[in-house]
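What follows is one structure encoded as structure tokens, with my remarks underneath.
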Amino acid sequence: MKTALILSTIILVTLIGDYLIKVASQKPSGLTTPSFVLGAILYALPAVGWFHLMRSHSLSAIGVFYSTATILMMAGLGVFVFKEAFGLREALGIGLALAAVVVVSH
């Protein structure tokens, strides 16, 4: 349960960081905006959670779950918040990511 909570927090903080960096990227002075700075800080915070997870889990196992969840959440963020296109290529990529979770978890 503790592992799931840490991993969920890492994913959420990463997603918020991605959102803020995407918002900053849409501005001419993007790298100097508060959104970029906060997004970059949020990118650094998950390192603490990763440190604790790596003490008791293999990187390959937690990495695949993290990557897949992050891909799903970022795709949703792109489509629903930023109105980005979602086509066959993106769907195939997500399908392969989910297949990786199945392979690693068995």
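The values are calculated or read from the model by the stated rules, or taken from the named source; none is laboratory data. What you are looking at is a predicted structure, and each value in this text was computed from that prediction instead of being measured. Here Cβ is always computed from backbone atoms with ideal geometry, including for glycine, and neighbour counts include all displayed protein chains. For accessibility, only protein heavy atoms count, side chains too; no ligands or nucleic acids. Shrake-Rupley method; radii C 1.70, N 1.55, O 1.52, S 1.80 Å.
Condition first: in a helix (DSSP H, G or I) and either hydroxyl-bearing (Ser, Thr, Tyr) or open to solvent by 30 Å² or more (accessible area, probe 1.4 Å) (or both). Now tell me which residues in segment 43-60 satisfy that.
Filtering segment 43-60 for residues in a helix (DSSP H, G or I) gives 43-44, 46-56, 59-60.
Residues satisfying the conditions are Tyr43, Ala44, Ala47, Val48, Trp50, Phe51, His52, Met54, Arg55, Ser56, Leu59, Ser60.
Which members of segment 9-40 meet the condition of being in contact (Cβ under 8 Å) with a residue 24 or more places away in the chain and either open to solvent by 60 Å² or more (accessible area, probe 1.4 Å) or touching a His at 6+ places or on another chain (Cβ under 6 Å) (or both)?
Within segment 9-40, the first condition is being in contact (Cβ under 8 Å) with a residue 24 or more places away in the chain, and the residues that meet it are 9-11, 13-19, 22.
Within segment 9-40, Thr9, Ile16, Tyr19, Lys22 meet the criteria.
Could you check, for segment 64-73, whether at least one of its residues is without any contact (Cβ under 8 Å) to a residue 24 or more places away in the chain and in a helix (DSSP H, G or I)?
no
Could you pull out the residue among Tyr66, Tyr19, Tyr43 that is over 22 Å from Ala99 (Cβ atoms) and at pLDDT below 90?
Tyr43
Is there any pair with a first residue in segment 77-89 that is surrounded by 11 or more Cβ atoms within 10 Å (Cβ to Cβ) and a second that is of a type in the set (Asp, Glu) whose Cβ atoms are under 8 Å apart and which are 6 or more apart or on different chains, and what are they?
What qualifies is Leu77/Asp18; Gly78/Glu84.
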